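Step one of this worksheet: look at the structure below.
The values are calculated or read from the model by the stated rules, or taken from the named source; none is laboratory data. Note that the coordinates shown come from a computational prediction; the quantities given were computed from them, not determined experimentally. Counting neighbours? That spans all protein chains shown, and the Cβs are built from the backbone with ideal geometry, glycine included. Note: areas computed on protein heavy atoms with side chains; ligands, DNA, RNA excluded. Shrake-Rupley method; radii C 1.70, N 1.55, O 1.52, S 1.80 Å.
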Amino acid sequence: MTPPDRNAALESAVGGLLETLGRTVWQRRDFSPCEACYCALVILLNPLRRAYEIMEAVPAAAGEMDDCAVVNAAANLGYFARDVRTAPAEMDARLLPCLFVPDGGEPLVIVRREGDAIDVYDGRTRRTRRLAPQDRDARAAGRAWIFSLFDRSRQDVSRFMRGGTGYTWFRALVGRFSGTFAQILLSGVMLNLVALAAPLYMMAVYELVISPADKRPLAGLAFGVTIAVVTEFALRRVRSNALAWLSARLDTLVGTKIFAHLTGLPPEMVERASVAAQIARIKTFESVRDLFSGAVFLSFLEIPYVVIALALIWAVAGALVFVPLLVLLGYGVLFALMRRRVKVVIRLAAKASAGRQQFAIETFEKMAGIRANGLSGIWERKFDEISGHEIVMNFQLGMIGTVAETFAHAFTLIAAVMTVGIGADMIWAGTMTTGALIASMMLVWRVLTPFYSLCSMIPRLEQLRNSIIQVNDLMDIDTEEDAAQAAARLPRLQGYVAFSGVSFGYGDARDPVFSELEFDAKPGHFIAVIGRNGTGKTSLLKLAKGLYHPAKGAVRIDGFDLRQLDPVYLRRQIAYVPQKPEFFSAPLIDNLRLAHPLATEAEAEQALRLADAWEEVQALENGLHTVITPGKIAGLAPRLGLARAYLHGGSVLLIDELPGTLLGSRAGANLRRYIEKSRGKRTVIMVTHRDDMLETADLIVELRRGAAPRTVGKTVLPPLEEKEIA
């Protein structure tokens with residue numbers, strides 16, 4: 001293809017993508033130059049990128065995109081960006097395509113370079129033009145954003161890299177901030193050296209001013225210590241700013257990573273944990289975040305410089321240095337004993353706290369049932385009992401901390417008394433001056449303070465340690481994205497669903513819900529699933545959607561075992577109507593577009609009409625753009641779930657058991673006609689016991705608790721009253 005043809009194809013593709021984004025995420029038809037450049041850039045970087053992925057990467061805010069928003073959207077698509085000051089004529093062809101923002105000008109996408117000729121896409125005119133090296137636009141200075149595909153395996157926190165370094169996830173993450181830590185440590189070294197000026201000043205005043213009664217050195221000493229105090233203040237501010245930035249940055253990174261990791265875990269793993277447990281996981285890092293902004297970390301930073309203070313005590317007071325050394329030994333013994341006790345109590349306190357939180361969340365979720373059955377008083381007493389257990393555990397934990405702090409304070413006082421007593425004896429013996437004793441007292445306090453702080457915060461330290469262990473354990477669990485790195489992606493499903501000897505059970509239950517399930521759903525067929533409550537009908541649908549995995553056997557889509565396929569990519573191609581559809585506090589049209597991100601409002605209206613919900617949606621204050629809440633659409637929810645499935649358009653449709661009132665209404669009649677029209681085009685698997693549905697099924701699958709499932713084909717179906725499934 002010649003350059004003019006390629007440029008024309010690019011302009012056409014950008015126009016189509018802008019049109020799609022304009023009627024979905026942006027909901028407008030006027031586009032900024034940066035938005036046009038974004039579309040051109042992603043098409044050039046990867047022409048096979050799906051439109052919904054491009055749409056999901058852009059910010060959903062109503063404002064126009066700028067160059068920073070383009071960079072962030074590209075990052076969401078997996079591209080790392082770096083910027084350089086340059087001009088289009090100076091760009092190397094190997095770094096293209098790139099986004100170029102000239103100083104004071106409109107953004108461009110530098111498409112390609114062939115010899116000296118440069119093709120650029122102009123975001124303002126939405127046209128591609130060729131620049132010669134001598135053109136003013138080619139020589140215009142500006143900032144170029146160069147993009148490269150991000151390699152996750154090369155991240156410091158990736159399992160591949162950690163396998164080489166031997167670091168835990170948290171240690172690898174902290175290693176990314178080695179430059180900041182170097183700044184903090186360097187400022188700490190200078191700070192501790194400057195801080196020695198105060199005790200040395202006191203010693204000099206006693207020996208050079210007070211003892212000889214000579215005021216002449218006082219002015220020079222005062223000037224010197226003033227410089228030291230000002231310098232110490234500046235260094236502390238530098239260190240505090242670095243620690244505050246580090247804490248905020250880690251809070252953002254780790255909090256986001258934990259949330260993303262939890263949402264990326266296999267559904268069957270997440271569903272086994274309670275809501276309270278999931279919230280506790282997200283809150284886990286709150287205590288870790290405080291590590292870098294609290295007194296604990298500052299105490300750790302001070303420990304290496306204790307050696308400097310001890311060396312100075314030895315220099316000015318000789319054998320008096322053994323007093324702080326002896327007390328430090330006492331701190332070590334106290335720390336070891338108390339930490340051993342805290343480790344046990346803190347686990348019990350954590351379990352009690354999680355139990356109380358889980359009970360509270362379940363209570364609020366089921367408040368209507370509690371009140372309907374007159375159980376409020378019983379629930380209050382149960383909550384009081386559970387809360388009391390937690391309070392007792394926290395009381396014990398607090399008592400251990402108080403005891404540790406009391407002993408640590410006692411050791412500090414003993415050190416002060418011993419320093420004064422032994423120092424006074426040394427002064428009388430003539431081996432030490434009064435000024436040296438005063439300086440030694442100040443240095444002893446400086447030596448003992450960080451250890452006193454650590455001993456008084458033993459429970460806090462153990463909480464930090466447990467939190468870091470939990471974060472590391474969580475991040476070591478593979479997400480679905482990690483497991484799908486080598487998985488296949490089917491471009492479009494044909495709709496062939498097969499269960500081959502499938503057995504399934506919940507968690508560690510010994511008895512499976514069903515065993516040896518065998519059936520084939522051929523493309524375009526309608527499969528009905530029946531069975532009593534608890535026989536696994538919903539689980540069968542979730543197995544077909546890849547939300548669960550069988551304990552035995554295989555579920556196949558178009559001949560591929562689901563375990564060979566990318567689960568997230570697969571689920572996007574399978575429509576699913578659960579018994580209780582989930583909706584979010586967002587405009588109704590956005591909730592419907594969860595099934596089909598590129599759907600137009602006209603398509604959404606057609607789906608709502610088919611689900612017999614359009615009239616009620618029109619009655620809402622803002623129609624399709626009404627921000628919905630669960631209470632606002634309680635009666636509409638099942639029909640909106642159907643509308644979402646109609647909008648999906650995938651070749652496989654899974655429908656869980658729907659309310660009888662819905663199936664007996666116009667929405668149910670529309671659904672039956674839709675299934676009939678879908679024959680040969682869309683495979684439908686539906687949980688139902690209605691005669692009119694069963695009579696039209698190509699295959700009926702009966703699930704039986706404690707017995708093998710049974711299936712029968714449509715061609716041998718007798719009337720339902722006499723039907724025997726064999």
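Below is a table of values for the structure above.
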| item | result |
| --- | --- |
| Members of region 576-605 found to be free of Cβ contacts under 8 Å to residues at least 12 places away in the same chain and under 21 Å from ASN670 (Cβ atoms), listed by number | ALA602 |
| Search result, residues across region 224-264 that are among the hydrophobic types (A, V, I, L, M, F, W, C), in contact (Cβ under 8 Å) with a residue 40 or more places away in the chain and open to solvent by 80 Å² or more (accessible area, probe 1.4 Å) | TRP245 |
| Verdict on TYR38 being under 18 Å from LEU10 (Cα atoms) and surrounded by 15 or more Cβ atoms within 10 Å (Cβ to Cβ) | yes |
| Unmet requirement for GLY188, which otherwise passes all of (1) of a type outside the set (A, V, I, L, M, F, W, C); (2) modelled with pLDDT under 80; (3) buried (at least 17 other Cβ atoms within 10 Å of the Cβ) | (2) |
| Hits in region 84-99 (condition: over 18 Å from GLU11 (Cβ atoms) and either hydrophobic (A, V, I, L, M, F, W, C) or not in a strand (DSSP E or B) (or both)) | VAL84, ALA87, PRO88, ALA89, GLU90, MET91, ASP92, ALA93, ARG94, LEU95, CYS98 |
| Unique match (being within 21 Å of ARG127 (Cα to Cα), among the β-branched types (Val, Ile, Thr) and free of Cβ contacts under 8 Å to residues at least 60 places away in the same chain) among VAL42, VAL58, VAL14 | VAL42 |
| Positions within region 320-331 being touching a residue at least 40 places away in the same chain (Cβ under 8 Å) and farther than 12 Å from VAL444 by Cβ, in sequence order | GLY330, TYR331 |
| Where HIS525 falls short, out of the listed (1) under 22 Å from ASP692 (Cα atoms); (2) open to solvent by less than 50 Å² (accessible area, probe 1.4 Å) | (2) |
| Those helices (runs of 4 or more DSSP H) lying entirely in region 567-635 with at least 3 residues charged (D, E, K, R) | 601-610 |
| GLU56 being under 25 Å from PHE150 (Cβ atoms), of a type in the set (D, E, K, R), open to solvent by less than 20 Å² (accessible area, probe 1.4 Å) and part of a helix (DSSP H, G or I) | no |
| TYR201 among the aromatic types (Phe, Trp, Tyr) and surrounded by 18 or more Cβ atoms within 10 Å (Cβ to Cβ) | yes |
| Pick from region 429-441, criterion among the aliphatic types (A, V, I, L, M) and surrounded by fewer than 21 Cβ atoms within 10 Å (Cβ to Cβ), ranking: nearest to ILE414 (Cα to Cα) | MET441 |
| Tabulated pairs, region 133-160, first under 16 Å from VAL120 (Cα atoms), second surrounded by 13 or more Cβ atoms within 10 Å (Cβ to Cβ) and among the basic types (Lys, Arg), C-beta under 8 angstrom, 6+ apart or interchain | PRO133/ARG139 |
| Every residue from region 546-560 that is closer than 21 Å to THR683 by Cα, of a type in the set (Gly, Ala, Ser) and either assigned to a strand (DSSP E or B) or in contact with a Gly (Cβ under 7 Å, 6 or more places away or on another chain) (or both) | ALA554 |
| Single residue of region 85-115 satisfying the filter (loosely packed, with under 13 Cβ neighbours inside 10 Å and touching a residue at least 24 places away in the same chain (Cβ under 8 Å)) that is nearest to ARG152 (Cα to Cα) | ARG85 |
| Residue among VAL471, VAL513 that is in contact with a Gly (Cβ under 6 Å, 6 or more places away or on another chain), in contact (Cβ under 8 Å) with a residue 40 or more places away in the chain, surrounded by 15 or more Cβ atoms within 10 Å (Cβ to Cβ) and not charged (D, E, K, R) | VAL513 |
| Condition met for GLY22 (more than 32 Å from the chain's Cα centre (by Cα) and free of Cβ contacts under 8 Å to residues at least 12 places away in the same chain) | no |
| Odd one out for GLU362, checked against (1) closer than 21 Å to LEU454 by Cβ; (2) open to solvent by 70 Å² or more (accessible area, probe 1.4 Å) | (1) |
| Residues (of a type in the set (Phe, Trp, Tyr), at pLDDT 85 or above and either surrounded by fewer than 18 Cβ atoms within 10 Å (Cβ to Cβ) or in a loop (DSSP other than H, G, I, E, B) (or both)) located in region 478-510 | TYR496 |
